[in-house]
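No lab work stands behind these numbers, since they all come straight from the coordinates. Quantities reported herein were computed from a predicted structural model and do not represent experimental measurements. Don't worry about glycine lacking a Cβ; one is built from the backbone with ideal geometry, like all the others, and counts go over all protein chains shown.
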Amino acid sequence: MSTRILLQTILKLQDQIKTGAANFMDVSAEYFKSTGNFLDDSQKAVALEEINKIAPDNVTTLEGVDAVETILPTRGPNVQKAGEMSDTPFTDKVKKDQGIESLRGDETFGELTEKLGKSKDQGLGSLFPKGETDSIFNQKNSNRMEVAAFMRAMREAGIKNEDVMGVIKDKTTFKRQPAFDYFGSDKPKEVVDLAEGKRAATTLARAADMAADSKVKQELLANLDDDIANYGPDWWKGMGYNEGPMGRESVGNLLESMTTDINNGVIDDLIAQGVDEDKAFEVMRTFNREALKFDPKGFIRKTAEELEFNDIKYDMTFWDNYVDEILTRIQKPAPRFADGGLV
C-alpha cells in the first residue's frame with residue numbers, strides 16, 4: 001500500500017517534475033502529508049528512479065539528496081550506471097514485492113502503475129483499509145477493529161497463524177446495511193460479516209483443542225462432532241439390552257472399532273507425511289495388536305513407543321483426546337444408591 005501511495009504522489013506531481021519545478025523533497029513532503037510517515041531507504045530509491053525518469057535530462061542530482069549515495073540510472077545522456085546496479089531496480093522491486101512475473105523490464109511509469117493496480121494483493125491491508133481519521137465512528141476503522149479483535153481471539157484459541165489468515169481472507173464478506181452513524185448520516189454502510197468466519201474458527205479452535213493437526217485427524221474429529229450434534233445420550237450409552245453404545249452391538253465391539261480407526265489413521269498419517277508405505281505398515285505390525293484390540297488407550301501407548309523406537313516423529317495426542325471424548329460419553333452414571341445404606 002505504501003508503494004502505491006508513493007507512485008500516486010509522483011504521478012500527481014509529474015507535470016511539475018517534468019519542468020523541474022518539483023523535486024525529490026517535494027515528493028517526500030507530499031508523501032508525508034498523505035501518510036504521516038517518512039520515506040524509508042527502499043522508498044527513496046523508488047522515488048529517485050521514477051523522478052529521474054521524467055525530470056529534465058540535465059537534472060542529474062536532486063536538492064537535499066547525497067548524489068554519491070543515491071544516484072540512480074536515468075534516461076539522460078550524462079548519467080552512468082553505478083557499479084553493478086540493476087538498470088531497472090524499481091521493476092525488480094515490484095516483481096519481488098508484488099509477485100508480478102509478466103513485467104518486461106522497460107515499462108513506463110504509467111504502465112507500471114496500471115500493472116501494479118491489477119496485481120494480486122499480498123496482505124489484508126487492502127481488505128480493511130484505514131479510515132480517514134482515527135475515530136471509532138468511522139466505518140472503515142470500525143471494520144478494522146472488529147476484524148483485529150477476531151484475529152486476536154483466534155490466535156489466543158491456539159489457531160495457527162496461517163489458518164487465522166485463511167479464515168479472514170476466505171470467510172469474511174461485506175454487506176451493505178442502513179445505519180445511523182454518529183454524524184447523522186443515514187446512508188448504507190459497508191460492514192464486515194464475520195459469521196461464516198466465526199463458524200470456521202470454531203471448527204479450527206476445536207481442532208486445536210484436540211491436537212487434530214492432520215487431515216486424517218480433522219476428518220475423524222468432524223465426524224465425531226457431527227455425532228455429538230445429532231445424537232442424544234441414549235445413543236451414546238446404548239438404548240437396549242442387545243444394543244451397545246453408538247449403535248454398536250456391545251462396548252467391546254465399539255472399543256475394537258476405535259482401535260482399528262487409530263491403527264488405520266496413524267498409517268494414513270505416516271504415509272501422508274512421507275514415511276514409506278511398507279515402513280508404516282511394518283511399524284504397526286511389530287506388536288501384538290490382537291492383545292490390545294479392546295484397549296485403545298493401551299494401543300495408543302504401544303504405538304507411541306514403536307514410533308519413538310523407529311525415530312519417527314508423530315504426535316499421538318489427538319488419539320488420546322479422541323478416545324477420552326468417546327469413553328466419557330459412553331459411560332453410564334453409577335446408580336445413585338450403589339453403596340446401599342439409608343439416606
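Couple of notes before you dig in:
- Sequence-separation-based contact order of the range 211-330, relative, with Cα cut under 8 Å and 6+ spacing, percent: 27 percent
- Per-peptide packing, taken as the mean over residues of other Cβ atoms within 10 Å, places 37-43, 149-155, 22-28 in the sequence 22-28, 149-155, 37-43 from highest down.
- Candidates per GluC sites (Glu not before Pro) in the range 198-269, loop by DSSP, up to 16 other Cβ within 10 Å: GLU249
- Simple label model, 7 Å out from Cα along Cβ direction - ALA157 to LYS12, nm: 4.1 nm
- FRET efficiency estimate (nearest 0.05) - Cβ-Cβ, ASP170 to SER250, R0 51 angstrom: 0.70
- Each Lys and Arg adds +1 at its Cβ and each Asp and Glu adds -1 at its Cβ; summed about the Cα centre, the range 211-330 shows a dipole of about 300 debye.
- Taking a Cβ cut-off of under 15 Å around ARG199, the surrounding Lys, Arg, Asp and Glu residues balance to a net charge of -3, with basic ones at +1 and acidic ones at -1.
- Loop-located chymotrypsin sites (Phe, Trp or Tyr not before Pro) in the range 208-317, at most 14 other Cβ atoms within 10 Å (DSSP): TYR231, TYR241, PHE287
- The modelled label-to-label distance for the pair ARG289/ILE271, using points 7 Å beyond Cα in the direction of Cβ, is 1.3 nm.
- Theoretical FRET efficiency, 1/(1+(r/R0)^6), r = Cβ-Cβ of ASP41 and ASP311, R0 56 Å, to 0.05: 0.75
- Spin-label model distance (nm) - PHE281 vs LYS140, 7 Å beyond Cα toward Cβ: 6.1 nm
- Working note: Karplus 6.51/-1.76/1.60 with θ = phi - 60° gives the range 271-282 the couplings 5, 5, 8, x, 6, 4, 4, 4, 5, 4, 5, 4 Hz, where Gly and Pro are set to x.
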